[in-house]
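Report on the structure given below.
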Amino acid sequence: MKYSSVPNSEKFHNNGNRDRFFNIGRLVPFLFTSLAAATIFSFFVLYSPYPFEFLTKQGLDSVQNQQDHHVVQEQHHHHHDQNNVLSKPQDQQQQQQQQQQQQHLDQNNIPPKPRIKESCDLFKGQWVPELRGSLLYTNSSCATIPNSKNCFRNGRIDNDFLNWRWKPDKCELPRFDPKAFLEMVRGKKMAFVGDSVSRNHMESLLCLLSPVETPKDIFKDSEDRFRKWYFPGYDFTLMTLWTRFLIVGEERMVNGTGSSIFDLQLDKVDENWARHIPEIHYAIISGGHWFFRVMYLHEGNNLTGCVYCSKPNVTDYNVTFIARMAFRAALNYINSCKNCNGMVTLLRTFAPAHFENGAWNTGGYCNRTSPTGEKEIDLSSFDLEMRTIQLEEIERVRKEEKQGKKFGVVDITRAMLMRPDGHPGANWGNKWMKGYNDCVHWCMPGPIDYWSDLLMAVLRKETGLDS
């Protein structure tokens with residue numbers, strides 16, 4: 001049928017009043033239907049945050065899962081109403097099938113995450129603008145932020161450092177999902193083993209989880225180095241186990257004052273964290289910043305070398321040697337633990353500091369306000385050298401995994417080398433060390449929060465949830 005762009009007025013006139021009224025009557029429902037459809041579409045466009053975003057396959061899968069859940073419920077109610085129609089054996093068989101379906105749904109209540117390509121290196125990429133922000137919390141919404149990491153409260157003015165996200169070169173890194181994370185670790189215990197930067201990571205994770213549930217602070221030692229938090233809704237315990245070197249290290253005292261000279265025992269792990277290992281399901285170990293001191297190395301009762309000592313007849317090792325020995329001892333200890341079946345251990349690689357024009361005690365500072373590019377990274381830096389030995393030690397122990405244990409790595413070094421803007425700098429609120437800058441720890445909120453994006457992705461892979 002052909003439609004003319006100009007109405008045929010002569011034909012319309014000859015049809016008479018009845019036909020004219022009849023045609024108008026036919027148009028009325030069409031006009032009302034069109035108007036209603038246009039109104040709904042306009043409302044959708046105006047008020048939906050992503051009006052033209054199509055569902056991905058992941059989204060369709062989620063919708064299908066929800067539909068399947070409702071179908072099971074509807075079938076349950078339908079068959080319950082038909083008890084007088086179904087025979088008793090059929091009714092019992094149908095109820096058993098429904099119960100099995102419901103149990104299957106309950107066991108798979110962890111929200112699905114986008115699959116990550118096996119060939120994708122999550123740890124190689126760049127920081128890209130994220131102008132809408134990426135915060136699950138703010139410096140005021142999370143009650144557990146330590147004052148020294150609360151950079152805005154301590155006077156930081158710029159906030160552009162929050163508007164970036166980590167983008168792997170060949171895929172997308174799924175954003176941290178606090179509810180899915182808590183479902184994944186339901187009934188488990190997770191420990192962050194390491195120094196104050198390890199504690200910094202745990203504090204960031206604590207804030208990322210806070211929108212879902214406020215945890216209970218159930219333990220704190222007298223020096224606030226060992227902490228435990230409990231999420232009762234998920235029966236999940238999150239703890240920090242503080243250790244300088246992972247292995248035994250004792251500071252030499254001079255007239256009751258610390259000398260910053262340490263004696264390290266290469267063949268003994270620090271019992272302060274090691275004794276908790278049998279009760280832990282997930283351990284995230286890290287370290288490195290304490291190795292930049294004068295250290296004397298011992299095996300048994302024998303002095304085997306030193307770092308920065310320059311003593312005659314004593315072998316002088318570099319920092320990476322002692323770091324390798326410390327991580328090797330810690331990983332071997334965990335792998336040999338007889339009561340740690342199925343434990344998952346992730347090594348978080350070295351987190352770089354960003355002091356410029358001096359060290360922490362010689363006027364060094366970090367006042368940048370945006371990330372740097374990958375081309376600005378010094379590929380021969382000590383940070384990457386430390387990362388290399390950590391990766392080598394993880395690969396070594398993975399070849400010897402015992403009793404179902406799993407070992408993996410959360411490699412943040414390259415990404416964080418590009419984030420000199422993420423430190424507190426002068427905004428760390430320390431009343432006793434004014435004039436010094438903190439270019440080691442990380443602002444909260446800030447780029448440290450992306451460590452948990454990577455942590456969750458790796459944890460899913462190592463526990464088989466991403467397969």
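Read the figures in this text as sums done on the coordinates, not as results from a lab. Remember, predicted model here, so these are calculated numbers, not experimental data. Positions of Cβ are generated from backbone atoms using ideal geometry, with glycine treated the same way; all protein chains shown enter the neighbour counts.
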Coordinate range along principal axes, alpha carbons of segment 253-361, Å, largest first: 45, 40, 28
Taking 421, 263 and counting other C-beta atoms within 10 Å, the order from fewest to most: 263, 421
Centroid-to-centroid separation of segment 394-408 and segment 152-191 [C-alpha atoms, Å]: 27
Filter on 375/399; 149/338; 375/434; 220/268 - keep pairs with C-alpha separation over 27 Å: 375/399; 149/338; 375/434
Global form of segment 339-405, assessed from the alpha-carbon gyration tensor, a/c cut-off 1.5: prolate
Contour minus Cα-Cα distance for residue 263 and residue 275 (0.36 nm per residue): 2.2 nm
Alpha-carbon Debye profile of segment 125-462, log10 I(q)/I(0) at 0.10, 0.11, 0.12 Å⁻¹: -0.60, -0.73, -0.89
Segment 265-387: antiparallel DSSP beta bridges as a percent of all, rounded to 5: 45
Dipole-positive endmost among 422, 437, 322 within segment 125-462 (Cβ charges, Cα centre): 422
Pair residue 171, residue 313: separation of 7 Å Cα→Cβ label points (nm): 5.7
Three-way shape call for segment 277-318 based on the alpha-carbon gyration tensor, with the a/c threshold at 1.5: oblate
Rounded Å value of the spacing that divides the Cα centres of segment 287-326 and segment 231-271: 17
Assigned charges on the beta-carbon of Lys, Arg, Asp, Glu; segment 125-462 dipole about Cα centre (debye): 580
Of 167/228; 188/461; 188/402; 179/461; 170/405, those spanning more than 24 Å from alpha-carbon to alpha-carbon: 167/228; 170/405
Computed FRET value (nearest 0.05) for residue 370 with residue 301, which takes r as the C-beta separation and R₀ as 30 Å: 0.05
Cut-off 13 Å, label 7 Å out along Cα→Cβ of residue 359, residues of segment 304-327 by amide N: 308-309
Charge context of residue 361, other residues only, Cβ under 15 angstrom, K/R +1, D/E -1: 0
Burial ordering of 152, 407, fewest other beta-carbon atoms within 10 Å first: 152, 407
Proxy reagent accessibility, fewest Cβ within 10 Å first, across 220, 431: 431, 220
Using θ = phi - 60° and Karplus 6.51 cos²θ - 1.76 cosθ + 1.60, couplings along segment 187-200 (whole Hz; Gly, Pro as x): x, 10, 10, 10, 10, 9, 10, x, 8, 5, 6, 4, 4, 4
Three-way shape label, segment 164-297, alpha-carbon gyration tensor, a/c 1.5: prolate
